[in-house]
Amino acid sequence: MYKSLIALLLIFSATALQAENNYSGFYLGATLGYVDGEDKGTESDEDGVNGYTSKTTPKGWLLSALGGYNWVLQNNILLGIEGDLDYRNADDRSDQFNDGEVDPDYSVKSDLKYAASLRGRLGYLLKNDKTLLYASAGLGAANIKRTYFDNDSEISQSSTDTQTSIMAGFGVEQSISDVLSLQAEYRYADYGDKAVSTAVVYGSGSSDEQKYTEQSLRIGVVYHF
């Protein structure tokens, strides 16, 4: 199926496109940005949900390498595919809640380091052929480390997991030369739920159901071949 879709896209690009344009073809770039995450946990034991919950909000900067390919149609519509790889420096630690009340005896830390995505882009080039407005959507994966603490006994347990997401965003790209453009983008990602064992800290049969979502802002420079 995927091969058929790629073949159709290539045939379409050969017949419907290609006005001479700086945005057509392959490109590579780098972005600097800010990530604002929310990691919610619901704890269960052998008897089921036990009333303990948590919420951390890891925030920090990110550095990303990206690459992709654009097809520009004669009516100034742009179709593209783009992938990126992030390094993040974002973490947060907070106390857990017991039936809605803060319990300082237990806490959780969420730490973000790496993420990647593969997205499609749909855009429109303004009449000057230098300004691109676009929307993007696709799939992503993030590396999330969570550490659970029993603060009284100083026992802790860590788990590092890769979670996959669906994501969507929008942005603007401005050509500043024959080969360079500047890009700014907002992105939202939902990484769904992940069951994480906490048996070492909270007892046999304990686990936390973690739901992670994030927003990010990115500003970068792109080189067009």
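Data overview
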read-out: Pairwise label distance in nanometres, ASP105 with ASP36, each label 7 Å out on the Cα-Cβ vector; value: 3.5 nm
read-out: Leading residue at positive end of dipole, the chain (Cβ point charges), from ALA189, LEU28, SER94; value: LEU28
read-out: Whole-number D in µm²/s for the chain (Stokes-Einstein; Kirkwood sum over Cα pairs; 37 °C, 0.692 mPa s); value: 169 µm²/s
read-out: Whole-number accessible area per residue in Å² for the stretch 13-154, which is evaluated in the context of all protein chains at 1.4 Å; value: 48 Å²
read-out: The chain, helix-only ellipticity at 222 nm - DSSP H runs n ≥ 4, -39,500 (n - 2.57), divided by all residues, nearest 500; value: -2500 deg cm²/dmol
read-out: Length added when fully stretched, GLN74-VAL200, from 0.36 nm per residue minus Cα-Cα; value: 39.3 nm
read-out: Chain lengthening between ALA65 and LYS211 when straightened (0.36 nm per residue, less Cα-Cα); value: 49.9 nm
read-out: Rounded to whole Hz, the Karplus (6.51, -1.76, 1.60) HN-Hα couplings of the stretch 125-140, x for glycine and proline; value: 8, 5, 4, 6, 6, 10, 10, 10, 9, 8, 10, 9, 7, x, 10, x
read-out: Cα shape, the stretch 111-225, gyration tensor, a/c 1.5 rule; value: prolate
read-out: Cβ-Cβ FRET estimate between GLU46 and SER94, R0 fixed at 25 Å, reported to 0.05; value: 0.45
read-out: Difference of contour (0.36 nm per residue) and Cα-Cα distance, LYS145 to ASP193; value: 15.9 nm
read-out: Angle between the chain longest axis and helix 2-16 axis [Cα atoms, degrees, rounded to 10]; value: 30 degrees
read-out: Zone residues, the stretch 177-208, relative to SER153, backbone N less than 16 Å from point 7 Å out along Cα-to-Cβ; value: 198-207
read-out: Ratio Rg/Rh, restricted to the stretch 25-70 and using Cα atoms, in which Rh is the Kirkwood radius; value: 1.35
read-out: Sites VAL221 and ALA137, calculated FRET efficiency, Cβ-Cβ separation with R0 22 Å, nearest 0.05; value: 0.45
read-out: Cα-centred dipole magnitude for the chain, charges only on beta-carbon of K, R (+1) and D, E (-1), debye, nearest 20; value: 1560 debye
read-out: Estimated distance in nm for a label pair at LYS55 and THR164, the labels positioned 7 Å out from Cα along Cα-to-Cβ; value: 2.9 nm
read-out: Protection proxy ranking, peptides 127-136, 46-55, average beta carbon neighbours within 10 Å, highest first; value: 127-136, 46-55
read-out: Cα-only radius of gyration and Dmax that characterise the stretch 117-179, units Å; value: 20.7, 66
read-out: Surface share of carbon and sulfur [accessible, 1.4 angstrom probe, percent] for the chain; value: 59 percent
read-out: Net charge dipole size for the stretch 120-216 [Lys, Arg +1 and Asp, Glu -1 on Cβ; Debye, nearest 20]; value: 440 debye
read-out: Whole-Hz ³J(HN,Hα) from phi, Karplus 6.51 cos²θ - 1.76 cosθ + 1.60, for the stretch 182-191, glycine and proline x; value: 9, 10, 10, 9, 10, 9, 10, 9, 10, 8
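The values are calculated or read from the model by the stated rules, or taken from the named source; none is laboratory data. Quick caveat, the model's predicted, so the values are computed rather than measured. Note that each Cβ is placed from the backbone with ideal geometry, even for glycine, and that neighbours are counted across all protein chains shown. Just so you know, the surface numbers come from the protein's heavy atoms only, side chains and all, with ligands and any DNA or RNA stripped out. Shrake-Rupley method; radii C 1.70, N 1.55, O 1.52, S 1.80 Å.
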